[in-house]
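Okay, so here's the structure we're looking at.
The values are calculated or read from the model by the stated rules, or taken from the named source; none is laboratory data. None of the values given here were measured: they were computed from a predicted structure. Positions of Cβ are backbone-derived with ideal geometry, glycine not excepted, and every protein chain shown enters the neighbour counts. Calculation scope for accessible area: heavy atoms of the full protein, side chains included, ligands and nucleic acids excluded. Shrake-Rupley method; radii C 1.70, N 1.55, O 1.52, S 1.80 Å.
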Amino acid sequence: MDNHTTNVLVVGVGGQGVILASDIMSEVFMEAGYDVKKSEIHGMAMRGGIVSSHFRFGKKVHSPLIMEGEADILFAFEQLEGLRWLNFLQPKARIIMNDHKVNPPIVNLGEMEYPQGIPEIIGSKFKDFYLVKGTEIALQIGDARAANVVLLGAMSTFFDIKEELWLDTILNYLPPKVHELNRKAFATGRGEIHQA
Amino acid sequence: MKKLMTGNEAIARGAFEAGVKVAAAYPGTPSTEILETIAREYKNIYAEWSPNEKVALEVAIGASMAGARAMASMKHVGVNVAADPLMTLSYVGVNGGLVLVTCDDPELYSSQNEQDNRHYARFAKVPMFEPSDSQEAKEFLKLGFEVSERFDTPVMVRGVTRISHSKGVVELQEPVVPPVPIEIRKQTAKYTMLPSFARVKHGVVEERFVKLLEFAEKFPGNRIEINDPAIGIISAGISYEYAKEVFPNYSYLKLGMVWPLPKNLIAEFFKKVKKVIVIEELDPFLEENIKAMGFKPKGGKNLFSICGEFNPLIIKKGILGKRFKAPQPVFEEALPPRPPNLCPGCPHRGIFHTIKKLKLVAAGDIGCYTLAAYPPLNSLDSCICMGASIGQAHGMSKALEGAGKGKFVGVIGDSTFLHGGIPPLMNMAYNKSYATIIILDNRTTGMTGSQEHPGTGYTIRGEKTHKIDFVRLAEGLGIENVRTVNPWNLEETEKVIKEEIEKDSPSLIVTQGPCVLLRREFKKYNKPLMVDSTKCIGCKACVNLGCPAISYQKVEGEMALTKDGKKRKGISYIDSTLCPGCHLCYQVCKLGAIQSQDEKPIFGFETM
């Protein structure tokens, strides 16, 4: 293992399962033998606010926070949130983004527009960019809440870690009655990246 | 065995491994999950939500008197509430070890101020440990109990939000059997702080402080790491990790114990390195105390702000100064913000809509409902501390006299009321107020993620228990006018508030709407409402309720006209996946454009 620490920024909106996804990722990488730290702010964020989780793995990790301009991977569960965090990325960062929009209150009030063409903006600045229909796929499978597992499936293809470790860790966090659904969500998510 | 744990989970684990018998707390971000973890994972520890932090600490003091290891945990401002027992607890000391955990909140992620609780350690003359990651959080908790018993002192462990809510790898160990027997004890001179006994104890506290200084010098958690001797960093807690991240080659004095400070060790560090910089979040606590010892650090708060949370970039910028190159932003357009919001169906929304409609000033308090200060509700006007709304409303009544009649209310949540609202409500009756107080009884402690309290009827572990009746309590305190309202019924709510604010005697209105997230209180949710796009004129009456399920969407062309030919710029839309069917929007729509899908529309819900 080299001394490099990999920085993953997981972002979205309260209620989307951002924290669960970063919990699962941290555990997968700990089991794979890395030192791991992750951090996020709960509290008021659970009322529909912005959620951002910093997740770092490597040989020895000191800070639980990623420095601006140094995130290697952006894992965005919502388009506007993906756009909001671009300045945290290093120039060659990889972006995996859910193709989904959640209006902030100010947009609901009609006082600001939801930005148009976010995937195009991101694609023009970062080449290593993947748009995944996580929420749409999860709805097709049967439950919008499985979107985070679809996205984890997509994310998992970028690391040299056994598929079983990912799946076992995910299922460990979920009640048995939704295991079948989430197996399917994970497998479908993995397929999405191969097609991209 | 290794496990990934948040700082809070690690603190709970530390309590378990230390053999703690009693743990008490009041919920408060970022400390809440400490006691929740204990209640969930460590069944042999007695855990309770106390009504406030003062009670929680007193419960811990009682358990310690009986010889048990005991812990109280709270957010930084909670220690203000518990400060009264804390200051004298320092005099009486302990039998079983006692640790008070304070979780500070730099950056005010979910707090009303940014106070630095390291000052409490100095103020109360007690030792304080500060972990810099989850592993240390567990270790320092355990050590805290040993130090507490060895020096006959309460011990404080300080975390910050970034410690509480960050995960790191923790090595688990088996619990120990605490050395102090649990038994009834009669130790009048030790525990009864009559002046004659307390004078003696003050001397004991000062002697203890000298012994703690000696301990701090040898404590391995205070350590010198010599690398490049050109720059030496003195730091503690999370700031140490940030500094190590960006400047791994500098030399460090890492302080695991932030009070009292090891003078000899600090002197040794100053001898070994050329230039010393103190890096600490919030107040210059270490810096000022180090300067008071006669040392001259080159950097401290001249390089770093007293305000806000640190991160590695701030450390880099502070140290490098002009040599610092900021990362180039790739995207600079202003984006719509996403502030926290009251949930769809929230029982508070109708009350604040009515307060706004009646143009009342609302002395507010601490909870989800504090968010009503934001647009579009804009109907809460103060937030100071737990319970303050009631005393403030009373004070306004006395200052304004007749001129204030009918113009203001006090609003407070159920958990907040039980925390600090009973004495001021008693005062309103005793001192003949005319103020009206609204208890927003949503049957839970909402903002911190739904915790039980004495008004819910359940303990932290879900056992049924006595449930406070707010109406009877208020009557017992002498409040003459006590009313209840369905907060989802706007007509009823407005009528009751209007009647009560005109009265000459104190009034209490108790809302009867549970938190919409509290599944057990609802027989069922309603069907989502729908906007009839042929009738909606885009007046925004529903949109201005600030419900996340309702949005305003611009329309063009054919859609810019209603069925009967009226022009419109936009229409409302209700997201059926978010709407639980509270029917507030149904009531504010004057055009009948919002349609209920329930056969017989009810205002609010069928609750338990």
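I need the chymotrypsin sites (Phe, Trp or Tyr not before Pro) found in segment B:168-272, filtered to DSSP loop residues with at most 11 other beta carbons within 10 Å of theirs.
Here no loop site has a sparse enough neighbourhood.
Please compute the per residue accessible area over segment B:2-218 with all protein chains in place, 1.4 Å probe, rounded to a whole number of Å².
35
Using only Cα atoms and rounding to the nearest 10 degrees, what angle (0 to 90) does helix B:32-41 make with the longest principal axis of chain B?
80
Checking the cross-link filter: which lysines have an alpha carbon closer than 30 Å to that of B:LYS432, excluding same-chain neighbours under 8 positions apart?
Counting by Cα, and skipping residues close in sequence, B:LYS432 has these lysines nearby: B:LYS54, B:LYS356, B:LYS357, B:LYS359, B:LYS398, B:LYS405, B:LYS407, B:LYS467, B:LYS495, B:LYS498, B:LYS503.
Roll a 1.4 Å probe over the protein chains and send me the accessible area per residue for segment B:223-323 in Å².
Here the residues of segment B:223-323 average 40 Å² of exposed surface.
Give the distance, in whole Å, between the Cα centre of segment B:353-403 and the Cα centre of segment B:11-52.
Computed from Cα coordinates, the inter-centre distance equals 33 Å.
Can you give the charge dipole size of segment B:164-222 about its Cα centre, rounded to the nearest 20 debye, using +1 on the beta carbon of Lys and Arg and -1 on the beta carbon of Asp and Glu?
Taking the Cα centre of segment B:164-222 as origin, the dipole is about 360 debye.
Report, to the nearest 10°, how far helix B:76-92 tilts away from the longest principal axis of the Cα atoms in chain B, using its own Cα long axis and a range of 0 to 90°.
The angle comes out near 40 degrees.
How large is the dipole of segment B:525-608 about the Cα centre if only Lys and Arg carry +1 and Asp and Glu carry -1, each at its Cβ, rounded to the nearest 20 debye?
Dipole about the Cα centre, nearest 20: 420 debye.
Using the scaling law 2.2 N^0.38 Å as the reference, what is the normalised Cα Rg of the protein assembly as shown?
Cα-based Rg divided by the globular estimate yields 1.00.
Using protein chains only and a probe of 1.4 angstrom, how many square angstrom of A:HIS100 are accessible, to the nearest 10?
Rounded to the nearest 10, that gives 50 Å².
What whole-number distance in Å separates the alpha-carbon centres of segment B:126-149 and segment A:143-196?
Each part reduced to its Cα centre gives a spacing of 39 Å.
Give the value in nm², to one decimal: projected area of the alpha carbon convex hull of segment B:525-608, averaged over all directions.
Directional mean of the projected Cα hull area for segment B:525-608 stands at 5.7 nm².
Could you give the C-alpha radius of gyration of segment B:348-521 expressed as a fraction of 2.2 N^0.38 Å, taking N as the number of residues it contains?
0.96
Tell me, what is the per residue accessible area of chain A in Å², probe radius 1.4 Å?
With the other protein chains kept in place, chain A gives 40 Å² per residue.
Leaving ligands, DNA and RNA out of it, work out the accessible area of B:ARG13 with a 1.4 Å probe and give it in Å² to the nearest 10.
About 30 Å², rounded to the nearest 10.
Quick check on chain B: helices-only [θ] at 222 nm, where DSSP H runs of length 4 and up contribute -39,500 (n - 2.57) each and the sum goes over total residues. Nearest 500, please.
My calculation for chain B gives -10000 deg cm²/dmol from helical runs alone.
Over the Cα atoms, compute the radius of gyration (one decimal) and Dmax (the largest Cα-Cα distance, rounded to a whole number) for segment A:12-93, in Å.
Here Rg and the maximum Cα pair distance are 12.7, 36 Å.
How do A:60-68, A:116-124, B:441-449, A:163-171 rank on mean C-beta neighbours within 10 Å, highest first?
B:441-449, A:60-68, A:163-171, A:116-124
Roughly what angle does helix B:7-17 make with the longest principal axis of chain B, taking Cα atoms, 0 to 90 degrees, to the nearest 10?
It is inclined by approximately 60 degrees.
With r as the distance between the Cβ atoms of B:GLU225 and B:MET293 and R0 = 35 Å, compute the FRET efficiency 1/(1 + (r/R0)^6) and round to 0.05.
About 0.95, to the nearest 0.05.
With a bin width of 20 angstrom, please list the P(r) values of chain B as percents of all Cα-Cα pairs, from the 0 bin to the one holding the largest distance.
Whole-percent P(r) values from 0 Å outward: 18, 43, 31, 7, 0.
If you take the accessible area of A alone plus B alone and subtract the pair, what total do you get in square angstrom, rounded to 100, with a 1.4 Å probe?
For chain A against chain B, roughly 4600 Å² becomes buried.
Leaving ligands, DNA and RNA out of it, report the carbon-plus-sulfur percent of the accessible area of the protein assembly as shown at a 1.4 Å probe.
Taking all protein chains in place, the protein assembly as shown shows 54 percent carbon and sulfur surface.
Before rounding to the nearest 500, sum -39500 (n - 2.57) across all DSSP H runs of length at least 4 in chain A and divide by the residue total; then give [θ] at 222 nm in deg cm²/dmol.
-11500 deg cm²/dmol
Which residues of segment B:243-267 show a drop of at least 40 Å² in accessible area when all protein chains are present, compared with their chain alone (probe radius 1.4 Å, heavy atoms only, ligands and nucleic acids excluded)?
B:GLU245
Give me the Kirkwood hydrodynamic radius of segment B:83-209, using the inverse of the mean 1/r over all pairs of distinct Cα atoms, in Å to one decimal.
Its Kirkwood hydrodynamic radius stands at 16.1 Å.
Viscosity 1.567 mPa s, temperature 4 °C: Stokes-Einstein D of segment B:223-323 from its Kirkwood Cα radius, in µm² per second?
Stokes-Einstein gives a translational diffusion coefficient of 97 µm²/s.
Among the trypsin sites (Lys or Arg not before Pro) in segment B:164-193, which ones are in a DSSP loop with at most 15 other Cβ atoms within 10 Å of the Cβ? Mind listing them?
Those satisfying the criteria are B:ARG185, B:LYS186.
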